[in-house]
DNA sequence: GAAATTTGTCTATTGATATAGACAACTATA
DNA sequence: TATAGTTGTCTATATCAATAGACAAATTTC
């Protein structure tokens with residue numbers, strides 16, 4: 001994020017226009033390109049990145065379609081104000097309260113739910129037998145009408161029968177767990193990684209293909225240490241950053 | 001990470017062979033493809049991902065060059081054992097101790113150092129005046145001879161004059177800070193993001209172009225809360241995951 | 001030894017990516 | 001109004017990416 005000099009790589013599997021679109025996004029995030037101001041003209045950008053003007057235009061076209069830039073013939077190309085959400089992550093992470101102050105409206109939409117046998121990883125995380133029934137929820141986190149996260153969560157089907165209905169109704173994990181007598185819970189562990197978004201995430205998060213997602217894999221436990229939830233969440237790296245606070 | 005069904009996207013700016021290489025890496029990390037065992041044959045992979053066999057071959061060729069796979073004519077393609085390092089991150093994150101047990105040898109190599117005026121962000125983080133002199137260190141974290149991180153760190157030049165020499169000698173931030181009377185420090189805040197690796201990171205981390213890096217921006221403080229270090233670290237997403245432990 | 005399986009190499013074709021140049025359309029400013 | 005600066009459109013060309021098919025080379029299995 002710190003405007004270090006770096007150039008563009010060719011024949012990598014990643015097209016130049018996408019690399020340049022990434023760089024422009026970084027530039028906006030790092031303050032190199034101010035919001036609500038004009039981007040340098042296309043010829044200047046082309047020279048700066050060492051590519052043809054048409055290649056820069058492809059990158060800009062992608063970002064215009066993505067809603068990050070607005071191009072006006074004769075005037076210039078402008079940076080729309082769309083701040084990166086800062087998503088706090090720690091022992092007491094909650095979707096809704098975490099984004100307080102940054103957005104006016106947020107909730108979790110239930111995309112689908114199913115019951116399936118637990119795989120090895122999920123069984124271990126939840127402390128149940130491999131093959132035991134688990135409920136799988138596919139959800140999307142929304143803030144001010146924008147998709148900011150996409151998650152897959154698993155619950156022990158025996159312990160949390162019907163939680164999908166509670167989720168659909170309340171739009172909140174915390175509220176749904178209350179119906180099962182859980183008034184508080186902690187994040188036990190979180191593992192972080194990153195990858196290219198797959199087709200499912202692209203559609204659900206309204207991303208351009210090739211976008212990067214931050215991935216968190218987390219286990220939530222009760223205050224007694226009983227595991228209740230296993231979740232994999234994906235965040236669009238271009239719109240969200242994760243913030244760890246000390247002592248959390 | 002959780003073997004969810006997902007397909008490949010076309011005309012995205014990211015070539016199919018790179019997307020498939022990413023998927024194979026994920027498959028190895030998630031256990032879909034066992035280490036030291038044979039990958040499914042090329043025709044099977046082509047069918048699974050819905051692409052031509054030659055496209056799969058391009059992906060495999062990239063991973064072979066990257067040292068992840070080994071192809072043997074007539075026998076098959078094998079997964080070399082190269083586990084993803086799990087890098088713990090929390091209030092007491094230390095490079096060396098964090099990787100204890102996962103690697104036998106680790107240290108930080110000093111690539112270069114310079115003195116420069118502090119920018120706005122760095123000045124704010126370190127609590128000094130904008131434009132005041134700061135020492136910038138470019139370092140590479142190495143474990144068992146493999147590059148696992150690439151960092152840029154800034155120190156107040158007045159307070160830590162000569163720290164570059166200490167770093168070059170000791171290969172450790174913790175040891176270097178001890179020479180300045182700092183026996184303990186905490187990670188005050190960490191912000192996480194992800195992006196495509198730039199040319200500098202590609203070279204320093206020995207990555208294939210197009211690779212993704214996890215980025216952490218952190219401020220370290222003394223036990224009194226005095227900020228001492230501002231750092232941006234990059235981790236290759238294909239080789240490292242970040243692990244947050246509760247109560248850290 | 002023969003057959004089946006698997007990776008390696010070659011040719012050919014199509015569409016996407018990137019470069020190059022020229023000019024039109026629009027805006028702001030002298 | 002004229003001029004300079006900027007985005008938009010068009011044509012052309014070369015290279016990369018992806019598909020398709022055929023066959024060679026090496027290994028394992030029967």
Going residue by residue through the range B:228-245, is there one that turns out to be surrounded by fewer than 16 Cβ atoms within 10 Å (Cβ to Cβ) and within 14 Å of chain A (Cβ to nearest Cβ)?
yes
I'd like the residue in the range A:203-217 that is facing chain B (nearest Cβ under 7 Å) and at pLDDT 80 or above and, out of all such residues, is surrounded by the most Cβ atoms within 10 Å (Cβ to Cβ).
A:214
Residue tally, condition in a loop (DSSP other than H, G, I, E, B) and either within 14 Å of chain B (Cβ to nearest Cβ) or touching a residue at least 40 places away in the same chain (Cβ under 8 Å) (or both), over the range A:15-47
9
Taking the criterion of being assigned to a loop (DSSP other than H, G, I, E, B), within 12 Å of DNA strand C (Cβ to nearest atom) and either out of contact with any strand residue (DSSP E or B) (no Cβ under 8 Å at 6 or more places or on another chain) or modelled with pLDDT of 80 or more (or both), would at least one residue in the range B:56-67 satisfy it?
no
Can you give me the number of residues within the range B:160-173 that are over 13 Å from residue B:109 (Cβ atoms) and buried (at least 16 other Cβ atoms within 10 Å of the Cβ)?
3
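The values are calculated or read from the model by the stated rules, or taken from the named source; none is laboratory data. Owing to the predicted nature of the structure, the values given are computational and were not obtained by experimental measurement. Ideal geometry is used to build each Cβ from the backbone, glycine not excepted, and the neighbour counts take in all protein chains shown.
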